[in-house]
Amino acid sequence: MGKFTEYQLPLQSLPEGEHRFTYHLGKQFFDNMESADVRDANIDVELVVVHKGDVYDLTMHLTGTLTVLCDRCLDDMELPVDTVYHIMVKYGDTYRDDSDDILEIPRSDAYLNIAYMLFDTASLAIPIKHVHPMGKCNRQMSAALRRHSAHSATDEDAELEQLVDEMDNMDAEADSNSATDPRWDALKGLIPDDDEK
């Protein structure tokens, strides 16, 4: 028995009409997917399949929580998940997923394994930056981060100030050492002074 056999949807045996399925995604599901980001999960999935003609209309609604590491303090934090994924599936000659809306699978496949669709949908619900609300981070880690940030900012500011001074000195030397091109001097004579206007 494979890791994801419970997520195999028996498409060919579904009669026409609406069908509902429920799944639960826990820590083991994300461990099986080898996800390093998700530390724990408690997600309920409601899948609605509408079979009409040769098309299967799938709508997956995921609700629950994912536990990930806070980017700021590295403690566990829970993220709420409430997302929907919709795709249409039909049978064809080969496997084709070049469209965002339609998935074509070979007629020889009696089942459609939706485990990766569920994993991708849950993973996309995780924001790029995930941090605790203000005041909820680990206090010791936050204090260490502030000390380090303050020290780094002071060093960076001093280095930046020194670099700007050096560039100003170089510009001043270049201005004093450079003679103007006589061709430009002749052209400047063509522009009337403000007094002549």
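The values are calculated or read from the model by the stated rules, or taken from the named source; none is laboratory data. Keep in mind the model is a prediction, meaning the values are calculated, not measured. Cβ atoms come from the backbone with ideal geometry, glycine included; neighbour counts cover every protein chain shown. All accessible areas refer to the heavy atoms of the entire protein, side chains included, with ligands and DNA or RNA removed. Shrake-Rupley method; radii C 1.70, N 1.55, O 1.52, S 1.80 Å.
Among the residues of segment 47-60, which ones are more than 13 Å from Ala122 (Cα to Cα) and either part of a strand (DSSP E or B) or within 26 Å of the chain's Cα centre (by Cα) (or both)?
Within segment 47-60, the subset more than 13 Å from Ala122 (Cα to Cα) is 47-59.
Once the filter is applied, which keeps residues that are more than 13 Å from Ala122 (Cα to Cα) and either part of a strand (DSSP E or B) or within 26 Å of the chain's Cα centre (by Cα) (or both), segment 47-60 yields Leu47, Val48, Val49, Val50, His51, Lys52, Val55, Tyr56, Asp57, Leu58, Thr59.
Let me confirm something: among Leu79, Leu74, which residue is at pLDDT below 90, of a type in the set (A, V, I, L, M) and under 30 Å from Cys137 (Cβ atoms)?
Values: Leu79 fails: at pLDDT below 90.
So the residue among Leu79, Leu74 that is at pLDDT below 90, of a type in the set (A, V, I, L, M) and under 30 Å from Cys137 (Cβ atoms) is Leu74.
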Does Phe29 qualify as being aromatic (Phe, Trp, Tyr), outside any strand (DSSP E or B) and open to solvent by less than 60 Å² (accessible area, probe 1.4 Å)? yes
Go through segment 87-140 and give me each residue that's aromatic (Phe, Trp, Tyr) and in a loop (DSSP other than H, G, I, E, B). Tyr95, Tyr111
Quick count over segment 3-21, residues being more than 29 Å from the chain's Cα centre (by Cα) and not aliphatic (A, V, I, L, M), is 9
Log entry, pairs with first residue in segment 37-60 being closer than 23 Å to Glu16 by Cβ and of a type in the set (S, T, N, Q), second being assigned to a strand (DSSP E or B) and open to solvent by 10 Å² or more (accessible area, probe 1.4 Å), beta carbons closer than 7 Å, six or more apart or on different chains, reads Thr59/Val48; Thr59/Val84; Thr59/His86
Out of the residues in segment 70-90 that are of a type in the set (A, V, I, L, M, F, W, C) and free of Cβ contacts under 8 Å to residues at least 40 places away in the same chain, which is farthest from His51 (Cα to Cα)? Val84
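Tally the residues that are hydroxyl-bearing (Ser, Thr, Tyr) and either open to solvent by less than 20 Å² (accessible area, probe 1.4 Å) or not in a strand (DSSP E or B) (or both), restricting the search to segment 1-26. It would help to see each step written out before you state the result.
Residues of segment 1-26 that are hydroxyl-bearing (Ser, Thr, Tyr), as a first pass: 5, 7, 13, 22-23.
From the residues that got through so far, the ones that are either open to solvent by less than 20 Å² (accessible area, probe 1.4 Å) or not in a strand (DSSP E or B) (or both) too are 5, 7, 13.
Going through segment 1-26 one residue at a time, the tally reaches 3.
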Within segment 64-85, can one find any residue that is closer than 29 Å to Ala110 by Cβ and surrounded by 16 or more Cβ atoms within 10 Å (Cβ to Cβ)? yes
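Where residues in segment 126-144 are touching a Leu at 6+ places or on another chain (Cβ under 7 Å) and open to solvent by less than 60 Å² (accessible area, probe 1.4 Å), which of them is modelled with the lowest pLDDT? Quick ask: steps written out before the conclusion?
Applying the first criterion (touching a Leu at 6+ places or on another chain (Cβ under 7 Å)) to segment 126-144 yields 126, 130, 141.
Keeping just the survivors that are open to solvent by less than 60 Å² (accessible area, probe 1.4 Å) gives 126, 130.
Details: Ile126: 92, His130: 87.
Here the residue is His130.
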